[in-house]
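**Student:** Below you will find the structure I want to go over with you.
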Amino acid sequence: MDAQLKHDYLEGMSRAATFVAVATTDGLRGRFGVTVSSMTSVSTEGDYPSLLICVHYLSLAAPAMLANRGFCLNLLNEEQSGVANLFAGREGDHPSARFDAVDWVPGPNGHPMIDGAVANFECQMATELWWKTHHVIVGEVTSVRLSEDSRPLLYGGRSYHRAVKLED
Ligand SMILES: Cc1cc2nc3c(=O)[nH]c(=O)nc-3n(C[C@H](O)[C@H](O)[C@H](O)COP(=O)(O)O)c2cc1C
């Protein structure tokens with residue numbers, strides 16, 4: 001790939017503001033979680049709404065989500081940048097120890113719902129595409145838990161932000 005193209009692509013994408021979520025999974029393959037900003041809502045047609053995430057193939061959470069046939073997407077609150085860093089491995093922990101550092105409860109299908117998240121979307125695996133370095137994973141949302149506080153954590157310009165409403 002042309003180095004200038006790659007540089008400009010990464011710089012351009014750094015200017016996008018995204019949500020920050022932690023995708024968690026539990027089941028026969030074990031309990032794992034990884035921070036993602038690649039969440040996209042896909043559709044509300046059919047029996048269940050669906051969403052997608054892109055997870056790097058080297059993340060231990062990716063094969064676990066595929067083998068466990070599901071995951072929970074925990075959309076983080078603006079106070080939870082520490083949780084985002086924890087599940088991005090920035091605290092130098094062991095993946096299984098991440099769950100000792102946060103409060104969580106199992107969702108109806110057993111995937112960890114992190115307390116304090118603005119929304120928890122529990123998903124069953126729908127389909128997956130392996131594209132170069134990432135698994136593009138589509139989940140069907142079987143349950144949603146909403147918190148009282150709806151202020152989301154944002155990521156853009158290579159740092160965390162909170163959303164501020166513009167004047168009308
Ligand atoms: C704000 C933020 C967003 C991220 N988004 C993604 C993402 O969408 N997909 C992904 O594979 N990794 C993403 N990462 C990196 C992973 O969280 C993690 O650092 C990396 O995959 C190593 O995972 P592991 O320690 O679970 O193996 C993000 C990290 C941060 C801090």
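**Student:** Going through segment 125-141 one residue at a time, which ones are crowded, with 17+ Cβ neighbours inside 10 Å and away from the ligand (no atom under 12 Å from the Cβ)?
**Tutor:** Of everything in segment 125-141, those that are crowded, with 17+ Cβ neighbours inside 10 Å and away from the ligand (no atom under 12 Å from the Cβ) turn out to be 125, 126, 138, 139, 140, 141.
**Student:** While we're looking at this one, here's another question. Cβ-Cβ distance below 8 Å, separation of 6 or more or different chains: which pairs start in segment 56-69 with a residue that is in contact (Cβ under 8 Å) with a residue 60 or more places away in the chain and end on one that is within 11 Å of the ligand (Cβ to nearest atom) and part of a loop (DSSP other than H, G, I, E, B)?
**Tutor:** 56/133; 57/133
**Student:** Any chance you could count how many residues in segment 87-121 are part of a helix (DSSP H, G or I), of a type in the set (A, V, I, L, M, F, W, C) and out of contact with any strand residue (DSSP E or B) (no Cβ under 8 Å at 6 or more places or on another chain)?
**Tutor:** Taking segment 87-121 and keeping what is part of a helix (DSSP H, G or I), we get 87, 95-100.
Those left that are additionally of a type in the set (A, V, I, L, M, F, W, C): 87, 97, 99.
Going one step further and asking which of them are out of contact with any strand residue (DSSP E or B) (no Cβ under 8 Å at 6 or more places or on another chain), we end up with 97.
Final tally of qualifying residues: 1.
**Student:** Condition first: within 20 Å of residue 100 (Cβ to Cβ) and of a type in the set (Asp, Glu). Can you find one or more residues in segment 41-53 that meet it? Please lay out each step first, then the result.
**Tutor:** As a first pass, look at segment 41-53 and keep what is within 20 Å of residue 100 (Cβ to Cβ): none.
Checking segment 41-53: not a single residue is within 20 Å of residue 100 (Cβ to Cβ) and of a type in the set (Asp, Glu).
**Student:** Go through segment 1-40 residue by residue and tally those that are more than 10 Å from the ligand (Cβ to nearest atom), surrounded by 15 or more Cβ atoms within 10 Å (Cβ to Cβ) and outside any strand (DSSP E or B).
**Tutor:** So the answer is 5.
**Student:** So residue 89 passes all but one of these: (1) surrounded by fewer than 16 Cβ atoms within 10 Å (Cβ to Cβ); (2) away from the ligand (no atom under 15 Å from the Cβ). Which condition number does it fail?
**Tutor:** Answer for residue 89: the failing condition is (2).
**Student:** Of all residues in segment 41-84, which are assigned to a loop (DSSP other than H, G, I, E, B), under 15 Å from the mean Cα position of the chain (by Cα), surrounded by fewer than 18 Cβ atoms within 10 Å (Cβ to Cβ) and more than 10 Å from the ligand (Cβ to nearest atom)?
**Tutor:** The one that is assigned to a loop (DSSP other than H, G, I, E, B), under 15 Å from the mean Cα position of the chain (by Cα), surrounded by fewer than 18 Cβ atoms within 10 Å (Cβ to Cβ) and more than 10 Å from the ligand (Cβ to nearest atom): 78.
**Student:** I need the full set of residues from segment 141-160 which are closer than 24 Å to residue 99 by Cα and outside any loop (DSSP other than H, G, I, E, B), in order please.
**Tutor:** Looking only at segment 141-160, we keep the residues that are closer than 24 Å to residue 99 by Cα, and these are 141-155, 159-160.
Answer for segment 141-160, where residues must be closer than 24 Å to residue 99 by Cα and outside any loop (DSSP other than H, G, I, E, B): 141, 142, 143, 144, 145, 146, 152, 153, 154, 155, 159, 160.
**Student:** Working carefully through the options 136, 141, 102, find the one that is free of Cβ contacts under 8 Å to residues at least 60 places away in the same chain and not small (Gly, Ala, Ser). Walk me through how you get there before you give the answer.
**Tutor:** On the way: 136 fails: free of Cβ contacts under 8 Å to residues at least 60 places away in the same chain; 141 fails: free of Cβ contacts under 8 Å to residues at least 60 places away in the same chain.
Every option except 102 fails the conditions.
**Student:** Contact list please: Cβ distance under 6 Å, first residue in segment 153-168 and closer than 17 Å to residue 116 by Cα, second residue part of a loop (DSSP other than H, G, I, E, B) and not polar (S, T, N, Q), pairs at least six apart or on different chains.
**Tutor:** 153/20; 153/76; 153/78; 154/17; 154/163; 162/78
Bear in mind that the values in this text are calculations on the coordinates, not laboratory data. Bear in mind that the values here come from a model prediction, so they are computed numbers and not experimental data. Here Cβ is always computed from backbone atoms with ideal geometry, including for glycine, and neighbour counts include all displayed protein chains.
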